[in-house]
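See below for the structure under consideration.
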Amino acid sequence: MLDVHGDDLGILIGRKGSTLASLQYLVNLIVHRRFKESAPFHLDVEEYRRRREEALRALAFRMAKRVRDTGRSVTLEPMPANERRIVHLALAQDPTVGTASVGEGESRKVAISLRR
């Protein structure tokens, strides 16, 4: 795990972490070629990933409450697989709502609905 700290590092994170994800991909390619092993290498900037995970969990719980209160399903914005997984795991133990990924490719979203 490499966590980069410094001033004005927002450019390394990019919009919704896209630049950070690309940098991590490149670093993993370099590490794999250099050491011939597939040990995952995690790159973070100013603990962005931890903060994003907390924000996604909070969003999941808020939207689950909205679904319970209104009885209507909610579909979140498109997000990458690792972020959808955080939402699915956050609500996995909730007996009142269920989650499903819907859509194709980069437009896949998480739908939250009442369990029947």
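See the values below:
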{"quantity": "Residue check for Arg15: modelled with pLDDT of 90 or more and either surrounded by fewer than 14 Cβ atoms within 10 Å (Cβ to Cβ) or in contact with a strand residue (DSSP E or B) (Cβ under 9 Å, 6 or more places away or on another chain) (or both)", "calculated": "no"}
{"quantity": "Residue in region 23-73 that is nearest to Leu12 (Cα to Cα), counting only those that are among the aromatic types (Phe, Trp, Tyr), touching a residue at least 12 places away in the same chain (Cβ under 8 Å) and in a helix (DSSP H, G or I)", "calculated": "Tyr48"}
{"quantity": "Region 92-116: number of residues that are within 24 Å of His42 (Cβ to Cβ) and out of contact with any Lys or Arg (no Cβ under 8 Å at 6 or more places or on another chain)", "calculated": "2"}
{"quantity": "Top-ranked residue of region 89-116 - restricted to ones that are under 16 Å from Arg72 (Cα atoms) and hydroxyl-bearing (Ser, Thr, Tyr), ranked as surrounded by the fewest Cβ atoms within 10 Å (Cβ to Cβ)", "calculated": "Thr96"}
{"quantity": "Among the candidates Glu46, Glu37, residue that is touching a His at 6+ places or on another chain (Cβ under 7 Å) and farther than 23 Å from Leu114 by Cα", "calculated": "Glu46"}
{"quantity": "Subset tally (residues that are over 20 Å from Arg84 (Cα atoms) and touching a strand residue (DSSP E or B) at 6+ places or on another chain (Cβ under 9 Å)) for region 32-53", "calculated": "3"}
{"quantity": "Flag for Leu29 being in contact with a strand residue (DSSP E or B) (Cβ under 7 Å, 6 or more places away or on another chain), more than 25 Å from Ser101 (Cβ to Cβ), surrounded by fewer than 14 Cβ atoms within 10 Å (Cβ to Cβ) and modelled with pLDDT under 90", "calculated": "no"}
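The values are calculated or read from the model by the stated rules, or taken from the named source; none is laboratory data. As the structure is a computational prediction, the values presented were derived from the model and not from experiment. We place every Cβ from the backbone using ideal geometry, glycine too, and count neighbours over all the protein chains shown.
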